[in-house]
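Have a look at the structure below before the remarks.
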Amino acid sequence: MISVIVPCYNSTQMLNRLVDETRKIFRRLQISDYEFVLVNDCSPNLESCERILKLGRENPDIKVIDLAKNTGQANAQLTALNYAEGDIIINMDDDMQTHPANIPVLLEKLEEGYDLVLGKYKKKRHSAFRNLLTKMDNVFEHIVMGKPRGLDFTSFWVTRKYIRDELIHYTHPYAFMEGLFLRTAGKIANVEIEHFDRTEGKSGYNLKKLVKLWSNFTNFTVFPLRIAGVLGITFSLIGFVAALVVGIRKILDPSMVAGYASIICFMMIFFGVVLLFMGVIGEYVGRIFMCINSAPQFVVKQTINVKQTEENS
């Protein structure tokens, strides 16, 4: 079986087209055993909510998970994975930018023995600003998380059941799919696909949401804390050497006037660094507290076409 999981937020009529086009692709590939898992991530648009619920009521092969609270795309994906039963899982967006026409290419690459295959867009249909953020994020993840150079993480991916079985063991609220995949899948590949234009609606991601999503990397690496330690030692040594130089110069030239301006500048730099990394450490401590406090990853309001045994598992 193939499970197609789709996190949904303020979905437009394109969601209906996504389901229809995906079914056409499966018929062309002679695949008859499949399911859809749609997760309504507490869309504020009531029309969108009703559209998703209607799809579930009218189609027995479509599972609908209606969340009581907005959790973000990564947590919505993990919610869907908890209900997916397929041996192969495909993740897609609800706006048809990740077009079903690319599914055969991803499945073909997966059959070469990979654990995870991600679509790599030939040309992204995002704004220049968002593309710039993506490039910066790629460099950051390579340095901090050890992501291989040239590997792109996108929201159009296909993986296998044993990867899914491991991913759902992560039950904490701050999910970060790149971190989960990097620590779970051994053989990861990209395959070039077409990124289609959005014909309806607009992206739910603004700068604030992108930064919030990006900050979840702290759950999967201690690299920033190591940077803090190295910088702390470095600045301590610089301060010690500077103190020696000033002391020696004062001994050699007692008339030398102390530079108050330079002292203030150094204090601002050092205290700025201290406050910065206090914030980083505070972010870690806060997330540890939330995890220990058992903050829910997702809260299910209602489900459609989901067996009772699955809901209790």
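What to note about this one:
- S48 more than 19 Å from T154 (Cβ to Cβ) and outside any helix (DSSP H, G or I): no
- Here G86 does not qualify as in contact with a strand residue (DSSP E or B) (Cβ under 6 Å, 6 or more places away or on another chain), buried (at least 20 other Cβ atoms within 10 Å of the Cβ) and of a type in the set (G, A, S).
- Scanning segment 11-23 for residues that are at pLDDT below 90 and either within 18 Å of T79 (Cβ to Cβ) or in contact with a helix residue (DSSP H, G or I) (Cβ under 6 Å, 6 or more places away or on another chain) (or both) yields a single hit, S11.
- Options R17, R23; residue that is surrounded by 14 or more Cβ atoms within 10 Å (Cβ to Cβ) and without any contact (Cβ under 8 Å) to a residue 12 or more places away in the chain: R23
- Residue under evaluation W214, criteria (1) in a loop (DSSP other than H, G, I, E, B); (2) modelled with pLDDT under 60; (3) within 12 Å of the chain's Cα centre (by Cα), criterion not met: (1)
- Residue within segment 32-51 that is under 20 Å from L107 (Cα atoms), aliphatic (A, V, I, L, M) and assigned by TED's automatic domain parsing to the domain that holds I304 present: yes
- For segment 1-36, the candidate set comprises residues that are assigned to a strand (DSSP E or B) and over 19 Å from the mean Cα position of the chain (by Cα); within that set, the residue that is nearest to D66 (Cα to Cα) is F36.
The values are calculated or read from the model by the stated rules, or taken from the named source; none is laboratory data. Everything numeric here is computed off the predicted structure, so don't read it as measured data. Quick reminder, even Gly has a Cβ in these numbers, built from the backbone with ideal geometry, and neighbours come from all protein chains shown.
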